[in-house]
Amino acid sequence: MARFLKSVAICAAVCSLAAVFGATSANAAPKQGLEGAYIGGGFATSNDSTGLVINGRYPFSGVPISIRGGVQINSAGGFSATVINPSVTYDLPVAKDTNVYFGAQAAFGQGNSAFGLKGGAETAIGKSSVIYGDLDVPFNGGGVGLSVGLAHLF
């Protein structure tokens, strides 16, 4: 039994060393996450309003931070409003050409402003197209917003 436990301990130590040295090799790991800036359009909904949205992303080089911006044109009950949504997000690569992101955002429009959280996912389809989806949660108790769209990757 002692010989068996010694063999298991040696095997575990060798596997641990292989995992540590394998994980630190920059050339061994496949590239993950979505890189590049994009601009695109889609649909947005929040409470009783729906509309069109134009969204964009600009990633900072060397850090997993992006600046995102959106312009939403919503309509509800015959009334239309334009809302501008700048945000800063942390981008977490989860697969090849795919990120999930979360961060803080602001919303400005019709003389009002609000602040909240933004979360979403984005993935490349082909070499120059991206599909994305956002979830916006305001701090002031307003309606949760959802948008989906298609963008051109630069």
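General observations
- Any hit, region 49-66, residues being touching a Leu at 6+ places or on another chain (Cβ under 6 Å) and either in a strand (DSSP E or B) or closer than 19 Å to Gly149 by Cβ (or both): no
- Members of region 96-124 that are in contact (Cβ under 8 Å) with a residue 40 or more places away in the chain and either closer than 19 Å to Val71 by Cβ or in contact with a helix residue (DSSP H, G or I) (Cβ under 6 Å, 6 or more places away or on another chain) (or both): Lys118, Glu122
- Residue count for region 38-88, restricted to those that are surrounded by 14 or more Cβ atoms within 10 Å (Cβ to Cβ), more than 27 Å from Lys127 (Cα to Cα) and of a type in the set (Phe, Trp, Tyr): 0.
- Of all residues in region 85-106, those satisfying the criterion of being touching a Ser or Thr at 6+ places or on another chain (Cβ under 7 Å), farther than 11 Å from Gly119 by Cα and not hydroxyl-bearing (Ser, Thr, Tyr) are Asp97, Ala106.
- Residue ID - surrounded by the most Cβ atoms within 10 Å (Cβ to Cβ), chosen from residues in region 122-154 that are under 23 Å from Ala107 (Cβ atoms) and polar (S, T, N, Q): Ser147
- Boolean, Ser75 is more than 24 Å from Phe154 (Cβ to Cβ) and at pLDDT below 95: yes
- Any hit, region 89-103, residues being assigned to a loop (DSSP other than H, G, I, E, B), surrounded by 13 or more Cβ atoms within 10 Å (Cβ to Cβ) and under 14 Å from the mean Cα position of the chain (by Cα): yes
- Taking region 129-154 as the range and being within 16 Å of Pro59 (Cα to Cα) and part of a loop (DSSP other than H, G, I, E, B) as the test, only Phe154 passes.
- Taking every residue in region 125-154 that is within 18 Å of Asp91 (Cα to Cα) and in contact (Cβ under 8 Å) with a residue 24 or more places away in the chain and pairing it with any residue that is basic (Lys, Arg) and not in a loop (DSSP other than H, G, I, E, B), at least 6 positions away or on another chain, the pairs with Cβ-Cβ distances below 6 Å are Asp136/Lys118.
The values are calculated or read from the model by the stated rules, or taken from the named source; none is laboratory data. Because the structure is a prediction, the values reported are computed rather than measured. Glycine also receives a Cβ, built like all others from the backbone with ideal geometry; neighbour counts cover every protein chain displayed.
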